[in-house]
Amino acid sequence: MNKNRLVISVAGNEILFETGKIAKQANGSVMLTCNDTVILSTACMSNNVVPDVDFLPLKIDYQEKFSAAGKTLGGFIKREGKPTEKEILTSRLIDRPIRPLFPDGFFHEVQILNYVLSYNSDHPPEALSICAASAALVISDIPFIKPLAAVNIGMIDGNFIINPTLDQQKKSVLDLVLAGTKDAVLMIEGYCKFLTEEQVVEAIEEGHKYVREICLKLEDWQNLVGKDKIIPDIITPSQELLSLIRESIEDKLKFAFQIKDRKCREKTISDIDHEITKHLLLIDGSVKYSKVEISKALKKIQSDILRKNLMTSKKRVDGRMPTDIRSISIETSILPRTHGSALFTRGETQTISVCTIGGESMGQRYEDLDGDGLRKFYLQYTFPPFSVGEVGRSGSPGRREVGHGKLAERALSAVIPTESDNFPYTIRLESNVTESNGSSSMASVCGCCLAMMDAGIPIKRPVAGIAMGLILEKESFLILSDIMGIEDSLGDMDFKITGDSDGITAFQMDIKVEGITPNIIRSALAQAKEGRIHILRNMLEVSPKSRQTLSKYAPRIETMKIKTSKIAIVIGPGGKQIRKIIDETGVEMDINDDGIINITSKNAKDIEAAKKIIRDLTTDIETGQIYDGYITNVLPFGIFVSMPGGQKDGLCHISELSNERIDCIEDYLEKHDIRKGDRIEVEIIEVNNRGQIKLKPTVIPSIKK
């Protein structure tokens, strides 16, 4: 392949695609450049079908090279290693719209690697990475069906902005990544500040105009420089096999789909599948059909039965109608020693949510191409195997857990109080999924919102979440509220929406088929709003508002402000002074560049002790002020007395110690039983231009043992 370039102008920014120069041994490779941000994307495919696999073995990884921003990692190890949270989330973002665009029954292993090699912070790389991966697949010989593209959409002062800069994104009330083909939207992930359903639809329509434009240009480029597509080994069940299985088990499956209990239903279906698979593998004593063919046939027949029943009867597996929400049960304060907790159960999906608050030291530190940072609000989601009644892996979170946790976190971030709201705490949320049968991430939004209210966090307004499904048959469609796992697996859409009755805070949609129109999205959003309000009403019946006070087990944070010129005094050389305050009082402290100090402790006395030390350190010495110090030194001409906070000692001259003449200061002090180290109350009578402090005792003699 010769070197070739494609330039596409998107909302005033040029995106350059280059191929034929870098990574030529890959099936497809593209260097994408946009205003000094450079991304290398490669696509490779194995020659043979992965045996005994009935799903697409697609691997997608995204990595940010720190050298791209002219920096190295801040830790001891300077080499990029374990993926960061952002890299995991971006890998998922690339995977979700690409996966549906491979042929059904294609089981060759495909790997897509994206590397950020140069980074201009004005242009976030997420949407660009989807475009780069699509271009690498499009020009390769891998059987990728059609070009895909993505854009980021922001909204400032009611106007949509395509691929906003980082500074624009900070002012935006919308952060939406949209991916699709020239014909349809395939994936959306967005976060906003209570936008209406119609505003969300308008943003999607606006973004798809630019997606379509990029896809058409990539299509032309494919015709110009693309390799001939490989005709792959496709494993799909024959009509003969489908008919044979349908005749044998259709009635049994129809009966199984009437079982409302998930575990009982799944066991019945599993037994039916096992029985027919065993029978088919032993026909005539020879292997006529492979396990993969049989597995694909069984899934198609199950899907056909479920979809047909839904479209005709409008009745779902558990007996609900399309708009019905499963029964909801809520308890708060279920864990006595946590700061806030809630048990949220919706149908067969359940989560224990826990809220913990603390000082800045509890914040989540991170490092990426934009620099170091500290998150004072974060949510961690856990999905153990027992939640679906299985034996499985337990340990560090997988990509799915990271993605679900971030969705719930950003859905709730719109209602979190900030330091400007006089709430200086760090908030850590946990969602521990204990049962799952559909939309545990949306249950996490509900449960964690309730846990924060139980902890006494003054959230701006409560929000809830719901997952919507879709059955699309030619011109007809049916939208399902509060979908279960089987409806997600065999349906055409998973659309999650969070917010309240007035607006949306987050939305995420993954689509398995093309053909989702704006009308379908509008209908799904309208139906979701009704379901969201229903769930929120149940939440507010149990917890109408946040508790008035924090948990007695939660630490208290008090804030004080000092002059910026005094910050160095409180910190001390190499942090010596601030560490001394922490060691002496047992508090946690952090101080920012504006001179705002947050002091955290469970003990009010410790906070007061720390505040006194800080006040003493930062108080300006002025004439007429009275202080309680101690004698630090005795000299023939007077005594030196400590000043507040370790500031320069003051001198109480011998002439100020008594109304009578003192011939020998040692005799005078011995007569009154005064020694070095004793306390003395003094008044400042002068501070000269050299900073020297002159004192006199408030009472003669006024020594305190």
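Okay, here's what the table says:
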| item | result |
| --- | --- |
| Count of segment 139-153 residues which are of a type in the set (V, I, T) and within 10 Å of D228 (Cα to Cα) | 2 |
| Qualifying residue in segment 239-253 (condition: at pLDDT below 85, surrounded by fewer than 19 Cβ atoms within 10 Å (Cβ to Cβ) and not in a loop (DSSP other than H, G, I, E, B)) | no |
| Residues being crowded, with 16+ Cβ neighbours inside 10 Å and over 25 Å from the mean Cα position of the chain (by Cα) - total across segment 524-539 | 3 |
| Those residues of segment 3-20 which are in contact with a Ser or Thr (Cβ under 9 Å, 6 or more places away or on another chain) and not hydrophobic (A, V, I, L, M, F, W, C), in sequence order | K3, N4, R5, E14, E18, T19, G20 |
| Considering residues of segment 113-146 that are assigned to a strand (DSSP E or B) and of a type in the set (S, T, N, Q) only, the residue farthest from K59 (Cα to Cα) | S118 |
| Subset of segment 401-418 (residues that are without any contact (Cβ under 8 Å) to a residue 24 or more places away in the chain and surrounded by fewer than 18 Cβ atoms within 10 Å (Cβ to Cβ)) | T418 |
| Every residue from segment 638-664 that is more than 19 Å from I693 (Cβ to Cβ) and either surrounded by 17 or more Cβ atoms within 10 Å (Cβ to Cβ) or not polar (S, T, N, Q) (or both) | E660, R661, I662, D663, C664 |
| Candidates F160, F102, F76 - the one that is within 25 Å of the chain's Cα centre (by Cα) and not assigned by TED's automatic domain parsing to the domain that holds P397 | F160 |
| Count - residues of segment 40-66 that are out of contact with any strand residue (DSSP E or B) (no Cβ under 8 Å at 6 or more places or on another chain) and either assigned to a strand (DSSP E or B) or more than 30 Å from L281 (Cβ to Cβ) (or both) | 1 |
| Entirely in segment 406-507, the strands (runs of 3 or more DSSP E) that have 2 or more residues that are within 18 Å of E530 (Cβ to Cβ) | 464-473, 476-481, 493-499 |
| All positions within segment 305-328 that are part of a loop (DSSP other than H, G, I, E, B) and at negative phi | K315, R316, V317, D318, R320, M321, P322, T323, D324, I325, R326, S327 |
| Lone unmet requirement of (1) exposed (fewer than 15 other Cβ atoms within 10 Å of the Cβ); (2) farther than 30 Å from N592 by Cα; (3) not hydroxyl-bearing (S, T, Y) for A342 | (1) |
| Residues of segment 77-97 that turn out to be under 16 Å from T42 (Cα atoms) and at pLDDT below 95, as a count | 0 |
| Pairs with Cβ under 9 Å, 6+ apart, first in segment 100-111 and farther than 10 Å from I235 by Cα, second basic (K, R) | P100/K512; L101/K146; E109/K59; V110/K59; Q111/K59 |
| Residue that is at pLDDT below 95 and either assigned by TED's automatic domain parsing to the domain that holds E360 or crowded, with 24+ Cβ neighbours inside 10 Å (or both), where the choices are N437, N432 | N437 |
| Hits in segment 329-349 - residues which are under 19 Å from G469 (Cα atoms) and in contact with a Ser or Thr (Cβ under 7 Å, 6 or more places away or on another chain) | G347, T349 |
| Considering residues of segment 147-189 that are charged (D, E, K, R) and in contact with a strand residue (DSSP E or B) (Cβ under 9 Å, 6 or more places away or on another chain) only, the residue surrounded by the most Cβ atoms within 10 Å (Cβ to Cβ) | E189 |
| Qualifying residue in segment 55-67 (condition: buried (at least 18 other Cβ atoms within 10 Å of the Cβ) and of a type in the set (S, T, Y)) | yes |
| Enumeration of residues in segment 81-112 that are part of a loop (DSSP other than H, G, I, E, B) and either surrounded by fewer than 21 Cβ atoms within 10 Å (Cβ to Cβ) or in contact with a Gly (Cβ under 8 Å, 6 or more places away or on another chain) (or both) | G81, K82, P83, T84, F102, P103, D104, G105 |
| Odd one out for R337 among (1) over 18 Å from T600 (Cα atoms); (2) part of a strand (DSSP E or B) | (2) |
| Every pair of residues 6+ apart whose Cβ atoms lie under 9 Å, when the first sits in segment 596-609 and is under 15 Å from S361 (Cα atoms) while the second is among the acidic types (D, E) and outside any strand (DSSP E or B) | N598/E360; N598/E419; I599/D606; T600/E360 |
| When residues of segment 51-90 are limited to those that are among the polar types (S, T, N, Q) and out of contact with any helix residue (DSSP H, G or I) (no Cβ under 7 Å at 6 or more places or on another chain), the one farthest from V292 (Cα to Cα) | S67 |
| Cross-chain or 6+ apart pairs with Cβ under 6 Å, segment 367-395 first and buried (at least 18 other Cβ atoms within 10 Å of the Cβ), then among the hydroxyl-bearing types (S, T, Y) | L369/Y119; K376/T426; Y381/S431; Y381/S444; S387/T434; S387/S436; V388/S436 |
| Failed item in (1) under 29 Å from L178 (Cβ atoms); (2) in contact with a His (Cβ under 8 Å, 6 or more places away or on another chain), with S248 passing the rest | (1) |
| One residue from R326, R337, R320 being farther than 16 Å from E487 by Cα, of a type outside the set (V, I, T) and at pLDDT 90 or above | R337 |
| Residue among E401, E331 that is in a helix (DSSP H, G or I) and on the phi < 0 side of the Ramachandran plot | E401 |
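The values are calculated or read from the model by the stated rules, or taken from the named source; none is laboratory data. The model shown is predicted, which means the values in this text are computed figures rather than measured ones. In this analysis, Cβ positions are derived from the backbone assuming ideal geometry, glycine residues included, and neighbour counts consider all displayed protein chains.
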